[in-house]
Amino acid sequence: MDARLIALTNVNLSEAVNRRNFREDLYYRLNVVHIHVPPLKERTKDLPHLIRSFVKTYGCKHGRDADDMTTEAMALLAEYEFPGNVRELSNTIERAIIVSASKRIEVADLPESVRGAVQLQRRKAKPQTLADLEAEYVRETLLATKGNKTEAARILGISRKNLYERLARMGEGIRMKDEG
């Protein structure tokens, strides 16, 4: 029998051997051909192709009529670092397909953990004023309520009129649909 074993790891095995956390003889048996595949966060050019492929695959698997994702959702995923690599991206898209109510995956369909991590990355990247943080919170609340201003105002603990005033100050106007 002629067999080949392909093994994947996110651990540097040569360092693990040096620390005596991995058997040296096994390392040399496995390390015939070493292929380094950079993590997904270093291959952002691959994201659109992978995402579209997963949308198609999981749309069919779950009998959903999903065909793509919004530009905003794609941009958010491009900012995320995917510590779980391609498997995490696959699971993220499958979840979004399952929870999405439309043909296109929206930011609100993505897991809160992904949205929150990107928000944290953005905050760390640039210092924000209190007004910036408030505007970001208002936008996120509107996204979470899918544009329902009555519900967003309730969550924010302000009146609908106050929400409209804040949106006007933010330069947002009344672009989102009003459901209430």
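Structure summary
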quantity	calculated
Out of Ser102, Ser113, sole residue that is among the polar types (S, T, N, Q), open to solvent by 20 Å² or more (accessible area, probe 1.4 Å), over 27 Å from Leu5 (Cα atoms) and part of a loop (DSSP other than H, G, I, E, B)	Ser102
Unique residue being touching a helix residue (DSSP H, G or I) at 6+ places or on another chain (Cβ under 7 Å), more than 21 Å from Asn10 (Cα to Cα), free of Cβ contacts under 8 Å to residues at least 60 places away in the same chain and among the hydrophobic types (A, V, I, L, M, F, W, C) when the list is Val138, Val86, Val114	Val138
When residues of the stretch 1-30 are limited to those that are surrounded by 10 or more Cβ atoms within 10 Å (Cβ to Cβ) and among the polar types (S, T, N, Q), the one farthest from Arg87 (Cα to Cα)	Asn18
Test set (1) modelled with pLDDT under 90; (2) surrounded by 13 or more Cβ atoms within 10 Å (Cβ to Cβ); (3) out of contact with any Ser or Thr (no Cβ under 8 Å at 6 or more places or on another chain); (4) farther than 30 Å from Ala3 by Cβ - Asp65 fails condition number	(2)
Helices (runs of 4 or more DSSP H) (entirely within the stretch 1-64) containing at least 3 residues that are at negative phi and over 24 Å from the mean Cα position of the chain (by Cα)	13-18, 24-30
Scan of the stretch 68-85 for residues that are buried (at least 16 other Cβ atoms within 10 Å of the Cβ), assigned to a helix (DSSP H, G or I) and hydrophobic (A, V, I, L, M, F, W, C), ordered by number	Ala73, Met74, Leu76, Leu77
Any chance Glu94 is touching a residue at least 24 places away in the same chain (Cβ under 8 Å), touching a Phe, Trp or Tyr at 6+ places or on another chain (Cβ under 7 Å) and not in a loop (DSSP other than H, G, I, E, B)	yes
Residue pairs meeting the criteria (Cβ under 8 Å; at least 6 apart or on separate chains; first without any contact (Cβ under 8 Å) to a residue 12 or more places away in the chain, in the stretch 33-51; second surrounded by 10 or more Cβ atoms within 10 Å (Cβ to Cβ) and of a type outside the set (Ser, Thr, Tyr))	Asp46/Leu40
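The values are calculated or read from the model by the stated rules, or taken from the named source; none is laboratory data. Note that this is a predicted model, so its numbers are computed, not measured. Neighbour counts are summed over all protein chains in view; Cβ atoms, including those assigned to glycine, are modelled from backbone coordinates with ideal geometry. The accessibility values were calculated without ligands, DNA or RNA, using every heavy atom of the protein model including side chains. Shrake-Rupley method; radii C 1.70, N 1.55, O 1.52, S 1.80 Å.
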